[in-house]
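The values are calculated or read from the model by the stated rules, or taken from the named source; none is laboratory data. None of these values were measured; they are calculated from a predicted model. Reconstructed Cβ throughout: ideal geometry from the backbone, glycine too, with neighbour counts over all protein chains shown. To get the accessible areas, we keep the full protein, side chains included, count just its heavy atoms, and leave off ligands, DNA and RNA. Shrake-Rupley method; radii C 1.70, N 1.55, O 1.52, S 1.80 Å.
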Amino acid sequence: MDYRALDVESIQSRLSAAPVGHTISYLAQVTSTMDVAREKAVGRAPEGLVVAAEEQTAGRGRFGRNWVSVPGKNLSFSVVLYPNLWVANRLAIGASVAVMRAIREATGLQPSVKWPNDVMVNGKKVCGILVETEVQNGGVRHAILGVGVNVNLDPPAHLETGYRAGCLAAELGEEIPREELFRAVLEELGLVYAELKGWGLSWEEWQATMETLGQEVRVQWDTHVEEGVAERVDPDGNLVLSRGDGTTTTISAGEVTLQRR
Ligand code: BTN
């Protein structure tokens with residue numbers, strides 16, 4: 001080994017009670033931390049377990065792209081989570097906010113986000129986020145959140161990406177100790193996740209107590225009227241109505257009247 005290994009015990013011990021990173025499985029080489037974390041999730045490992053690796057032989061990004069992890073240089077890890085669908089749909093956005101906060105805290109750099117969740121510094125991508133969710137019977141079995149931060153090494157140029165990649169050290173002008181940054185990323189991820197989960201619970205309660213669902217309704221807004229069965233609400237809170245002719249429509253606002261017969 002010709003790099004300084006991360007002291008994961010010290011990182012674990014310096015985290016607050018937020019729910020990510022209290023157990024870190026730190027490996028030298030894996031295919032992808034996404035695969036290892038998925039296996040752990042299938043075995044119902046505790047929520048917040050982190051699988052980190054120095055090298056990935058088949059690291060992956062969005063759209064089937066490669067993600068390169070060079071030992072000792074950057075941060076590559078995945079987190080095992082058991083969110084509901086509402087939370088799962090917001091994980092990547094939440095993670096980008098958490099990573100940006102951690103970069104600010106640990107380096108003083110000022111990151112920004114390229115839609116939807118690439119973290120950039122000075123116009124170069126320094127962090128990629130990947131969420132892989134397994135859904136069964138309409139519910140989320142688990143979600144794996146993968147984060148790759150280019151800390152001390154620019155990734156090799158990749159012709160197909162369509163963006164400029166960079167690393168934090170090049171933007172700061174000096175090498176960055178990885179431990180403090182890793183700790184800050186896990187801490188902020190935990191805080192954002194707890195916040196999302198809290199909201200997710202309110203969301204579930206809202207849905208569970210919604211008398212409208214399953215009913216025949218009439219919805220009116222301005223001069224428009226739609227009639228049908230209120231099937232469900234979508235992740236943005238819109239009402240999905242199934243019309244008599246078998247088509248569906250999504251309604252974002254209106255006055256609902258139950259059609260009692
Ligand atoms: C992207 O921007 O396309 C997402 C890149 C995600 C890379 C991370 S590195 C850790 C985890 N393991 C992987 O194989 N991918 C994610």
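For the chain, the share of DSSP beta bridges that are antiparallel, to the nearest 5, is 85%. A Cβ-based charge dipole, computed about the Cα centre of the range 97-182 with Lys and Arg at +1 and Asp and Glu at -1, lands at about 280 debye.
Taking the dipole about the Cα centre of the range 98-189, with the C-beta of Lys and Arg at +1 and of Asp and Glu at -1, give me whichever of N150, L186, P116 is farthest to the positive side. Going by the charge dipole, the pick is P116. Positive contributions from Lys and Arg (+1) and negative ones from Asp and Glu (-1), summed over other residues with Cβ under 14 Å from the Cβ of A230, come out at -3.
With the simple spin-label model, which puts each label point 7 Å out from Cα in the Cβ direction, the E134 to V113 separation comes to 2.8 nm.
With each label modelled as a point 7 angstrom along the Cα→C-beta vector, the W206-A58 pair spans 4.0 nm. Ranking A52, V233, A208 by Cα position along the charge dipole of the chain, where only Lys, Arg, Asp and Glu carry charges on their C-beta atoms, puts A52 farthest toward the positive end. If the chain linking Q259 and E174 were pulled fully straight, counting 0.36 nm for each residue of separation and taking away their Cα-Cα distance, it would gain 23.9 nm.
In a reduced charge model with +1 at each Lys and Arg Cβ and -1 at each Asp and Glu Cβ, the chain shows a dipole moment near 240 debye about its Cα centre. Ligands, DNA and RNA are left out, and with a 1.4 angstrom probe the accessible area of the range 1-110 is 46 Å² per residue. Taking label points 7 Å from Cα along the Cα-to-Cβ direction, N122 and E231 give a separation of 5.0 nm. What you get for the range 160-220, charging only the Cβ of Lys and Arg (+1) and of Asp and Glu (-1), is a dipole of about 200 debye around the Cα centre. Kirkwood analysis of the chain, using all unique Cα-Cα pairs, places the hydrodynamic radius at 20.2 Å.
Restricting the GluC sites (Glu not before Pro) of the range 64-165 to loop positions (DSSP other than H, G, I, E, B) with no more than 15 neighbouring Cβ atoms within 10 Å leaves E160. On full extension, the segment bounded by E216 and Y26 gains 63.0 nm, given 0.36 nm per residue less the C-alpha separation. Restricting the calculation to Cα atoms, the range 113-261 yields a radius of gyration followed by a Dmax of 22.8, 73 Å.
The value of relative contact order for the range 143-220, using C-alpha pairs under 8 Å at least six residues apart, is 20 percent.
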